Structures are given as structure tokens and as C-alpha cells.
Amino acid sequence: MAEGAHRLSKVAKELNVSVSTLVEFLGSQGFKVESNPNAKITDAQYDVVRKEYEGEKKVKDEAKSQYVERPVFEEEAPKKKKEEAPKPAPVIPEVEKREKVKLEAPKVINKIDVEALTPAKKGRGKKKEEEKKEVEKPKAKVEEPVITPVQPVIEKPKEDFIPTQFNKLEGPTVVGKIDLPKPIASSAGQRDAGPKKRKRIFTKEYSREDVQGNQQQTSAAKKGPKHNEPRAELTDEEIQAQIKETLARLSGQGKSKAAKYRRQKRDLISEKMQQEAEQVELDKKTIKVTEFVSANELAKMMSIPIQDIISTCMSLGLFVSINQRLDAETITIVAQEFGFEVEFVSVDVQEAIRVEEDRTEDLLPRSPIVTVMGHVDHGKTSLLDYIRKTNVIAGEAGGITQHIGAYSVTLENGKKITFLDTPGHEAFTAMRARGAQATDIAIIVVAADDGVMPQTSEAINHAQAAGVPMIFAINKIDKPGANPNKIKEALAGMNILVEDWGGKFQCQEISAKKGLHINELLEKVLLEAELLELKANPNKRANGIVIESALDKGKGYVTTILVEGGTLKVGDVMVAGCYSGKVKAMHNERNLPIIAATPATPALILGLDGAPQAGDQFHIVESESEAREIANKRLQLQREQGLKTKKHITLDEIGRRLAIGDFKELNVIVKGDFDGSIEALSDSLLKLSSPKIQVNIIHKGVGAITESDVVLASASNAIIVGFQVRPTGSARKLAEQEQIDIRLYSIIYNAIEEIRTAMEGMLSPEVQEKITCNIEVREVFNVSKVGNVAGCMVQNGKVTRNTKVRVIRDGIVIHDGELGSLKRFKDDVKEVVSGYECGLNINKFNDIKVGDIIEGYEQVEVKAKL
């Protein structure tokens with residue numbers, strides 16, 4: 001075989017490996033081969049890769065052999081039928097016909113005279129005789145039916161009857177008598193004939209009915225429960241029924257309005273008491289747990305010995321220890337065995353720290369928290385830039401906000417407003433949702449020259465879901481083509497009417513760059529804040545929400561928080577999510593140190609031992625040991641959830657990948673500067689997964705790219721994506737040695753598009769078929785040593801010598817192959833275009849007929865898309 005005759009893609013398909021694997025292996029063997037599926041390799045290179053990957057080829061052949069079934073040919077079917085000798089049909093014997101035999105009347109063997117044996121009672125003998133005579137009267141003769149017997153009648157042998165002997169009982173037999181003593185005489189005299197009923201004399205004061213009623217009550221009291229009989233305990237249902245009866249009997253006597261009011265009040269109180277009692281009973285049988293609690297903790301919650309929990313698990317086929325953690329399904333089944341209902345809560349709810357309840361007299365007015373939301377590039381940050389008199393946009397890559405920020409602004413009248421700036425890019429959905437949850441008022445910014453965009457609608461939905469009042473700021477009214485009425489009309493289509501159109505939502509037309517009508521917008525914000533009457537208690541332990549977290553090279557973990565209640569001071573011990581620590585320093589949004597942060601004040605704090613997730617709640621506790629205990633428990637449960645929810649490959653998944661044939665995986669490690677940005681980028685990359693290629697985020701974290709990230713990428717064959725961060729010097733050297741691909745980005749949509757392009761390049765190109773020509777056979781010539789040659793006319797397109805063809809007869813494809821030769825008259829030609837005649841024959845096909853259509857086609861590789 002000539003040099004370079006083996007195509008790289010064909011060799012890869014034959015040996016069941018990828019093209020990149022062959023290129024890397026040949027490179028390690030000293031052969032430099034282009035990473036191109038159409039590249040060709042020499043015989044020597046082919047022998048080397050074939051020896052190396054012979055095992056992969058065997059695996060592929062074995063896999064194919066499992067799905068191949070031996071076909072049954074039609075020629076074998078009649079042979080098998082001839083070999084089998086026909087079986088004779090079973091002979092069914094005819095049932096012997098039986099002649100009908102007429103039966104005579106049943107033969108009487110003997111009679112038993114029951115009347116003669118049983119002695120008649122006194123006074124009833126005559127009646128029995130009369131009944132006997134009536135029975136013996138002759139009756140009308142009835143023809144007996146003819147019965148066809150199935151079996152012959154067998155006569156029983158005659159038996160002797162033995163009559164039963166008995167004695168008639170005539171009355172009780174008196175054995176003896178006992179003389180009882182006479183009753184003791186009372187003070188009123190002896191009672192020989194028993195107690196006499198005393199006659200009552202009725203006066204005018206009492207009536208007969210009253211006396212009879214008293215007698216009934218007295219007799220009922222005398223017939224009460226005896227002292228020697230145990231009194232049955234009343235159930236809760238019986239007690240409640242008696243209470244209702246008593247209240248109903250008492251309420252029925254009142255006739256005035258006051259009595260009716262008291263009766264209704266008693267009914268309401270009794271119903272409330274009953275509902276509370278039912279709720280208490282229900283709460284006793286409901287336990288709130290996280291998913292991965294230990295068996296010992298579950299036993300304590302249900303007040304059941306741990307031995308019973310373990311024995312129940314063993315009966316279910318699970319062998320657990322005391323400290324082993326159980327999954328959700330096991331917890332539910334075990335709890336139901338003991339009659340408990342399970343309510344699963346998150347880790348934060350289970351390990352939540354009790355917040356001090358605020359008294360009304362302790363609440364003081366606080367400044368409002370306002371979130372600025374809207375579509376990307378509609379002017380949200382420009383508005384804040386003008387209000388804060390700074391240039392925030394200059395610090396954002398690409399001119400778009402990519403993380404959430406918190407700023408406190410003091411107005412000219414001395415009032416303060418806390419602003420939260422949220423990103424407008426579609427990838428930052430979670431950030432906008434958190435901004436809506438942590439705010440009091442939402443400003444929805446809409447560009448007058450653009451319109452209500454998808455992220456604008458999403459921001460409105462987040463604000464409505466959180467129940468937050470909205471103020472619409474129609475920006476860029478100074479630009480040509482601005483149409484504020486178009487924005488109001490679009491909002492009306494979403495059932496949102498602004499005040500100018502008779503609705504309840506405030507609206508202000510502004511220009512963020514020129515500062516037009518900004519003061520009017522702030523006045524409307526303060527008006528909404530006055531209506532809300534915002535108050536908080538500053539004299540307690542602080543609590544609030546985490547806005548962002550980052551890792552600074554010189555400072556450590558920097559966390560942006562927003563205080564919702566209490567006052568945060570330097571030196572307080574904090575628990576935020578799965579991390580804890582003492583507040584070492586605090587700064588405002590301008591990096592100026594502050595000592596305390598009151599309610600509705602944002603702050604940057606130092607001192608936590610990790611980067612909590614954006615949206616986590618923070619609390620202040622008494623001691624560092626308590627804080628570490630709570631944080632470690634949350635972190636342990638979070639790790640358990642990560643391990644339990646990790647997806648492992650199954651046989652079904654392997655079968656699905658084999659069915660697809662060209663399944664790929666892309667493992668990614670994401671590192672970034674802020675936790676919110678990392679979350680947004682990870683979610684966007686996971687959405688790029690398709691049935692043919694899957695994206696796996698194996699690790700994500702805040703901070704620079706370190707050596708441990710490179711080692712993890714090398715072990716898991718992953719790429720590293722850095723967002724607004726850079727690798728350390730040692731990590732960069734290690735990545736060069738291990739040939740780990742590190743991609744660095746500053747704008748989120750650039751990262752998403754580049755990863756999408758890389759994933760499409762991993763996919764094998766799709767092969768599409770393109771029709772090049774249609775040829776009609778007009779004459780067939782038989783040439784010796786060649787076969788049939790077709791004289792044709794090219795109807796459309798262009799036919800070449802290398803064109804693949806199909807022979808179509810009566811609309812049915814009867815052959816698919818290649819051209820043997822292509823001629824014009826007697827000369828061989830490379831191509832024939834439409835409208836010209838040609839002669840051709842087809843390799844390994846000689847059945848060409850006049851009227852056949854020869855269709856020419858070629859296969860074109862097209863780049864695969866996600």
C-alpha cells in the first residue's frame with residue numbers, strides 16, 4: 001500500500017478511538033500528524049496504532065456481535081417442514097348411546113310410625129289426630145315424570161329401628177325449705193307486709209308535676225354508679241362532646257341580645273380550643289428534619305429507643321449503625337412505621353438561630369432599601385452613578401454590571417436610602433431574585449428608545465412575587481427616537497397601569513446621564529417609604545442577608561452584607577451559611593472603615609473563614625465555639641447532600657451513550673471573583689448540555705486558580721474557566737506541564753459563547769447528502785467484455801467520474817453504487833453538464849434498462865450544532 005493511504009478518521013472508527021487520541025499517541029511515539037480527520041498516515045504509523053489499540057477494536061467487535069442475530073433464510077423453512085412427520089389426528093371415540101329407561105315409582109322398603117313412638121301431650125292429642133286424617137285424605141292423581149337414570153338404583157339393606165326412651169318432666173322437684181328471719185321493725189313500726197307507699201299531701205306551693213320531677217331526679221341519683229364497679233375513663237372525644245352539650249344547654253336559656261352574644265363568644269372559644277388541641281396532637285406526630293439526619297437523632301426526635309430504629313431498618317433490609325445518616329426515603333419509611341409524619345426542611349431552617357422578637361416600643365424608623373432592576377444596558381448603573389456622584393461603570397468589564405452591589409446614599413434633606421444594583425444580563429436571574437427578596441421598594445428602569453425587554457418582564461415578575469411596590473423609571477428620554485408612551489402602553493398590556501394612565505404605579509421620565517428629573521424620582525421613593533412605615537429594632541443582635549462574597553489576596557474573604565435588624569459591631573461573632581468567624585473589620589461601599597452598621601446599612605466585613613453563598617442569612621451568636629458548631633453541622637449536611645446527589649453512571653446511561661454512538665463529556669472547573677458571578681456562569685454552562693454532549697461542573701469556588709485546581713483538572717480531564725481571576729505562578733507552570741487548558745474571561749457572554757463553540761468542535765461533523773444531477777437512460781448497448789453501456793442525457797446538474805449514483809426504476813431505488821466509466825462519444829471525460837449526452841456504465845451492475853433514471857449525489861460534512 002502506498003504511503004499515506006490510511007485516512008485518520010477511518011482508522012479511528014476501525015480501532016474504536018477518537019481522532020485526538022490517535023494524534024496524541026502518534027505524537028508521543030515521535031510521529032507528527034496533523035489533528036485533522038481527513039489527514040492520512042503511513043503504513044508504519046498504521047501498524048503502530050493498530051498494535052496499541054487492538055484491544056479497543058476487539059471490544060467494539062464483541063459489542064456489535066451481541067446485537068447481531070442470525071437471519072432465517074426462506075430456503076431453510078420448507079426443509080424444516082419436510083423433516084417433521086405429520087402427526088395423525090387423535091381419534092375421538094363416539095359416546096355410546098344409552099336407551100331411555102322408564103323408571104317405576106320408588107320402591108317402599110319400610111315405614112316408621114313417628115306418632116306411635118312419640119307420646120302425645122295433654123290437650124293436643126285430638127288436634128294431632130285431626131291433622132293426621134287431613135294428611136291421609138286422597139289427593140288428585142299427578143302423573144309422575146319420566147326420569148332418565150344416569151346410574152342404577154341400589155337398594156339399601158333393611159335395618160331394625162330402635163325407639164328412643166325418655167321420661168317426661170312434669171314440674172320442679174322440691175328438695176327442702178328454708179325459714180328466713182322476719183324483717184327488723186323500724187321506728188315507725190314493723191313492716192310485715194313490705195314497705196307501704198306514703199301518701200303525699202300537696203299544698204299550693206308545689207304542684208304534682210314538680211314533685212314527680214323531683215322523684216325522678218332522686219331515683220336517678222340513687223341509680224348512680226355503684227362504688228364496687230370501676231368507672232370507665234372518658235376519651236377526649238367524649239369530653240369535648242359533653243362540653244359542647246353543656247355549653248349548648250347553657251346558651252339555650254338566654255333570650256336577650258347579651259345572652260346571644262355570650263353564647264356566640266363561648267362557641268367561638270370552644271371551637272378555637274378544639275382547633276388548638278387538634279393542632280397540638282398533629283404537631284406531636286409531625287417531625288421536621290433535614291434529609292441526612294443520623295439514626296440516633298431520628299430516634300430522639302420520635303422519643304423511641306435506638307434499638308427499635310435499627311431493628312426496623314434491618315427488617316427493611318438496611319444495616320445501619322447509630323451514627324449512620326439516612327436518606328429521605330429511609331427516614332420517611334421508618335417514621336411511618338412508628339406513626340409519624342415527616343416534614344423536610346433545609347439546612348438553614350433546621351439549624352436556624354432563634355431571632356429575638358421585637359417589641360412595638362423598641363421599633364424605630366429606618367431608611368428604605370431600594371433595588372434597581374431592569375434589562376441590560378437600560379441605564380441602571382448610570383442612574384446610581386449620577387445619584388452617588390461616582391463612576392461605577394468604569395470599573396465594570398464591558399460596561400455591564402456582573403455582580404450585585406449595595407450603596408448607602410445621603411440626600412440633601414438628610415434622609416438616607418440604601419440602593420442595591422442588580423445585573424441585567426439573562427444569566428443573572430438568581431441575583432435579581434435575591435435583590436427582590438431583600439428590598440422594600442423596586443425601581444424598574446426601562447429605556448424609552450428600546451422597550452419592555454425579557455429581563456424587564458422577569459424583574460417585574462420577581463418584584464410582584466416578593467410583594468414589593470414598584471416605581472417605573474423611563475430612562476433615556478433625551479435620546480432621539482425615545483417614546484415614553486410606547487413603554488406605558490407595553491406596561492398596560494401586562495396589566496400594569498401607571499398613575500398618568502389612572503393606575504396605582506408611580507412612574508417618572510428621567511435621563512440618567514444628564515440628571516433630568518432624578519430628584520422627582522427620589523421624592524417618589526421617599527413617598528413610598530413613608531407609606532410603608534419602615535421600622536426596625538437597632539438595640540439587639542444583628543441579623544441580615546449576604547449580598548456578595550469574594551476572596552481578596554491581601555485581606556482574605558471579604559463579605560458584603562446588608563443588616564436587616566439590630567446593630568453589627570466590630571468584634572461580634574457571626575455565623576453566615578456554612579462559615580463562621582469574628583468580625584475583625586468593617587468598611588462601607590467606599591472602603592472607609594466604620595465601627596457599627598445599623599438596620600438597612602450595607603457593609604463589607606472581614607473575618608469569616610470562608611465565602612458564604614449570596615443569599616445566605618447571617619446571625620450574631622454569643623461565643624465562637626457555638627458559631628463553629630453550627631457552621632460545621634451545616635457544612636457536614638451540605639457535603640452529605642453533595643455526595644448523595646452525585647450522579648453515577650448506570651447501565652441505562654451506558655446503553656443510551658452506545659445508542660447515540662458519539663457521546664462526549666466536557667468537565668469544567670469554574671473559579672471567579674464573586675460567588676454570585678460563579679453561580680450565574682455555572683448555571684449558564686450547564687444549560688449548554690445536549691443529548692450528544694454533556695457539561696459537568698466538577699468544582700467551583702471563589703478566588704485565584706491554584707495548584708489544587710490544576711491537579712483536579714488533570715485527574716478528571718477537565719478545563720479550567722477563570723472569570724475575573726488569574727492563576728498563580730506555580731499553578732500556571734503546573735498547567736503547562738500537565739497540558740491543562742485554562743481559559744480566562746472578563747465578560748460572561750464571551751465565556752458562554754466560547755465554551756459553546758468548543759463544545760460544537762468536539763462533536764463529529766454531520767454528513768448530509770446533496771443531489772448533484774439527474775440522468776435519463778435513453779438507449780442501452782451491449783459491449784463485449786464490458787457489459788451493458790447506457791446512452792444517457794443529463795437532465796440537470798453535473799455528473800463527474802467520481803460521482804456516486806443510484807439507479808431508480810419506476811420511482812424505486814434498485815441499485816446504489818459508483819460509475820465505472822464516463823464518455824462522450826468515444827473519449828473519456830471528467831464531467832458532463834446539463835443538456836449534453838454521455839455514455840456510462842456502473843460498477844458491478846449490468847441490469848440497465850431504457851427509461852431508468854440515474855441520480856448522482858455526494859456526501860457533504862456539515863459542522864454539528866448544539
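The values are calculated or read from the model by the stated rules, or taken from the named source; none is laboratory data. Only a predicted model underlies this, so the values are computations on that prediction, with no experimental measurement involved. Ideal geometry is used to build each Cβ from the backbone, glycine not excepted, and the neighbour counts take in all protein chains shown. Note: areas computed on protein heavy atoms with side chains; ligands, DNA, RNA excluded. Shrake-Rupley method; radii C 1.70, N 1.55, O 1.52, S 1.80 Å.
Within segment 757-791, how many residues are under 30 Å from K13 (Cα atoms) and at pLDDT below 85?
12
Keeping to segment 587-600, report how many residues are closer than 14 Å to I547 by Cβ and out of contact with any Ser or Thr (no Cβ under 6 Å at 6 or more places or on another chain).
Matching residues across segment 587-600 total 4.
Looking at (1) more than 32 Å from the chain's Cα centre (by Cα); (2) among the polar types (S, T, N, Q); (3) under 30 Å from F723 (Cβ atoms), which is the only condition S549 fails?
Of everything listed in (1) more than 32 Å from the chain's Cα centre (by Cα); (2) among the polar types (S, T, N, Q); (3) under 30 Å from F723 (Cβ atoms), S549 misses just condition (1).
Considering only residues that are touching a Leu at 6+ places or on another chain (Cβ under 8 Å), modelled with pLDDT under 90 and either assigned to a strand (DSSP E or B) or buried (at least 17 other Cβ atoms within 10 Å of the Cβ) (or both), which ones fall in segment 843-866?
A864
Can you tell me which residue in segment 446-487 is nearest to V372 (Cα to Cα), limited to those that are open to solvent by 30 Å² or more (accessible area, probe 1.4 Å) and in contact with a Leu (Cβ under 8 Å, 6 or more places away or on another chain)?
By that ranking, first place goes to P469.
With the structure loaded, tell me whether D572 is of a type in the set (D, E), within 21 Å of E357 (Cα to Cα) and open to solvent by 10 Å² or more (accessible area, probe 1.4 Å) or whether it fails that test.
yes
For segment 575-601, how many residues meet the condition of being open to solvent by less than 10 Å² (accessible area, probe 1.4 Å) and under 22 Å from P365 (Cβ atoms)?
Residues flagged as open to solvent by less than 10 Å² (accessible area, probe 1.4 Å) and under 22 Å from P365 (Cβ atoms) within segment 575-601 amount to 2.
Checking L534 against (1) under 39 Å from the mean Cα position of the chain (by Cα); (2) closer than 29 Å to A680 by Cα; (3) of a type outside the set (V, I, T): exactly one of these is not met. Which one?
It fails just one condition, (2).
Being modelled with pLDDT of 90 or more, of a type in the set (K, R) and farther than 17 Å from E779 by Cα is the filter here, so list the residues in segment 792-828 that pass it.
Those that are modelled with pLDDT of 90 or more, of a type in the set (K, R) and farther than 17 Å from E779 by Cα: K798, K804, R806.
Hey, which of the helices (runs of 4 or more DSSP H) in segment 285-362, taking only ones fully inside, have at least 2 residues that are at pLDDT 80 or above, of a type in the set (D, E, K, R) and within 29 Å of the chain's Cα centre (by Cα)?
Passing ranges, in order: 328-337.
Restricting segment 288-333 to residues that are β-branched (V, I, T) and open to solvent by 60 Å² or more (accessible area, probe 1.4 Å), which is nearest to V345 (Cα to Cα)?
That would be I333.
May I ask you to list the residues in segment 609-631 that are at pLDDT 85 or above and farther than 14 Å from A542 by Cβ?
D609, G610, A611, P612, S623, E624, S625, E626, R628, E629, I630, A631
Assess whether E861 counts as being in contact with a Lys or Arg (Cβ under 8 Å, 6 or more places away or on another chain) and acidic (D, E).
Here the answer is no, as E861 does not meet what is asked.
Just for segment 363-391: of the residues that are assigned to a loop (DSSP other than H, G, I, E, B) and modelled with pLDDT of 85 or more, which one is least open to solvent (accessible area, probe 1.4 Å)?
Taking the candidates together, the pick is P368.
Has segment 802-823 got any residue that is of a type in the set (D, E), open to solvent by 50 Å² or more (accessible area, probe 1.4 Å) and more than 60 Å from the chain's Cα centre (by Cα)?
Within segment 802-823, none of the residues are of a type in the set (D, E), open to solvent by 50 Å² or more (accessible area, probe 1.4 Å) and more than 60 Å from the chain's Cα centre (by Cα).
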